[in-house]
Amino acid sequence: MTRSDLVEELAARFGQLTHRDAEFAVKTILDAVGEALVRGHRIEIRGFGSFSVNHRPPRMGRNPRSGEAVAIPEKRVPHFKPGKALREAVDRRTAELEEATGQLKTLATTGTGPQAGRPSQS
């Protein structure tokens, strides 16, 4: 889902919001999250997850072309940790989709699907 998709979804769910208002709301929320992370704050949205800043210490890496050792400086990077409810919902839905896909593959390979036993239309 892109930022534009999010704006469209928000405008569709709340009919009283114009596209411009939905765009402003999404921009405001994302700006607030970004600014909080830049200041080093943690953002927690219960049931969804938390955004924080992780510290990556300096380390030695390797240039893949030359094989030469390269010093990689420390850095701070944004990090998202999904909440329990979101993790469980994603896991449950993904498992359902995998099961449905597996059943379709089985039906297609065994010839036991709804088209089994029917003459082909060719």
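The values are calculated or read from the model by the stated rules, or taken from the named source; none is laboratory data. These numbers were taken from a predicted model, which means no experiment stands behind them. Positions of Cβ are backbone-derived with ideal geometry, glycine not excepted, and every protein chain shown enters the neighbour counts.
Couple of notes before you dig in:
- Yes/no for ALA69 being at pLDDT 80 or above and more than 22 Å from ALA36 (Cβ to Cβ): yes
- Of all the criteria given as (1) more than 23 Å from ALA89 (Cα to Cα); (2) surrounded by 11 or more Cβ atoms within 10 Å (Cβ to Cβ), the one not satisfied by LEU6 is (1).
The rows are residues; the columns are (1) part of a strand (DSSP E or B); (2) at pLDDT 95 or above; (3) among the hydroxyl-bearing types (Ser, Thr, Tyr).
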site: GLY61; (1), (2), (3): yes, yes, no
site: PRO78; (1), (2), (3): yes, yes, no
site: ALA95; (1), (2), (3): no, no, no
site: THR109; (1), (2), (3): no, no, yes
site: GLY113; (1), (2), (3): no, no, no
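- For the stretch 58-77, the criterion of a residue being under 22 Å from the mean Cα position of the chain (by Cα), exposed (fewer than 11 other Cβ atoms within 10 Å of the Cβ) and among the aliphatic types (A, V, I, L, M) is satisfied by at least one position.
- When VAL33 is tested against (1) touching a residue at least 24 places away in the same chain (Cβ under 8 Å); (2) part of a helix (DSSP H, G or I); (3) not polar (S, T, N, Q), only condition (1) is not met.
- Criterion violated by ARG42 - all others in (1) out of contact with any strand residue (DSSP E or B) (no Cβ under 8 Å at 6 or more places or on another chain); (2) within 22 Å of ALA85 (Cα to Cα) satisfied: (1)
- Number of positions in the stretch 79-89 that are aliphatic (A, V, I, L, M) and in contact with a strand residue (DSSP E or B) (Cβ under 7 Å, 6 or more places away or on another chain): 1
- Filtered residue count, the stretch 52-91, keeping only those that are in contact (Cβ under 8 Å) with a residue 24 or more places away in the chain and among the hydroxyl-bearing types (Ser, Thr, Tyr): 1
- Residue satisfying all of: in the stretch 24-55; of a type in the set (Gly, Ala, Ser) and more than 20 Å from VAL90 (Cβ to Cβ); surrounded by the fewest Cβ atoms within 10 Å (Cβ to Cβ) among these: GLY40
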